[in-house]
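So the structure is just underneath, and the comments pick up after that.
The values are calculated or read from the model by the stated rules, or taken from the named source; none is laboratory data. Just so we're clear, the structure is a prediction, and the values are computed from it rather than from any experiment. Cβ placement follows ideal geometry from the backbone for every residue including glycine, while neighbour counts extend to all protein chains displayed.
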Amino acid sequence: MSDKKAPVKKVAEKAAPANASFAFGKENYVLMLVGLVVIVLGFWLMAGKEDIFSTTKLTIAPILVLTGFAIELFAIMRKVRD
């Protein structure tokens, strides 16, 4: 066998195209922020040491959390408009 190593091909660095765009638009980020606020509000309503069997903690807060996650999913899946 020979002790010679195979030549290594150099990969050319690719520069970002001038018209590169982000994956999300401004609307997407605003919707994500709204969803995050709704989720935090839902968890905040669930917290506390008072009446653990209140309607707010058992019904309204979980609905808010699930609604916030639905908003987040919608914000991620929404297509960016040009």
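For region 3-22, the condition of being at pLDDT below 90, acidic (Asp, Glu), more than 27 Å from the chain's Cα centre (by Cα) and not in a helix (DSSP H, G or I) holds for at least one residue.
Residue count for region 42-55 under the criterion of being surrounded by 15 or more Cβ atoms within 10 Å (Cβ to Cβ) and within 30 Å of Gly25 (Cβ to Cβ): the result is 1.
If I ask for residues that are in contact with an Asp or Glu (Cβ under 9 Å, 6 or more places away or on another chain) and over 21 Å from Ala75 (Cβ atoms), which ones from region 37-62 would you list? Passing the criteria: only Lys57. Against the conditions (1) over 27 Å from Ala23 (Cβ atoms); (2) crowded, with 16+ Cβ neighbours inside 10 Å, Glu72 satisfies every one except (1). Residues in region 32-47: is at least one at pLDDT below 85 and either outside any helix (DSSP H, G or I) or not polar (S, T, N, Q) (or both)? The answer is no, given that none of the residues of region 32-47 is at pLDDT below 85 and either outside any helix (DSSP H, G or I) or not polar (S, T, N, Q) (or both).
For the condition at pLDDT below 95 and surrounded by 11 or more Cβ atoms within 10 Å (Cβ to Cβ), what is the one hit in Leu64, Leu58? Going through Leu64, Leu58 in turn, the sole match is Leu58. Pairs meeting the criteria (first residue in region 5-33 and exposed (fewer than 10 other Cβ atoms within 10 Å of the Cβ), second residue modelled with pLDDT of 70 or more, beta carbons under 8 Å, at least 6 apart or on different chains) are Ser21/Val80; Phe22/Val80; Ala23/Val80.
Quick check on region 48-82: of everything there that is part of a helix (DSSP H, G or I) and of a type in the set (D, E, K, R), which residue is farthest from the chain's Cα centre (by Cα)? Working first, answer last.
First, the residues of region 48-82 that are part of a helix (DSSP H, G or I): 55-77.
Among the residues that remain, those that are also of a type in the set (D, E, K, R) are: 57, 72.
On the way: Lys57: 26, Glu72: 6 Å.
Result: Lys57.
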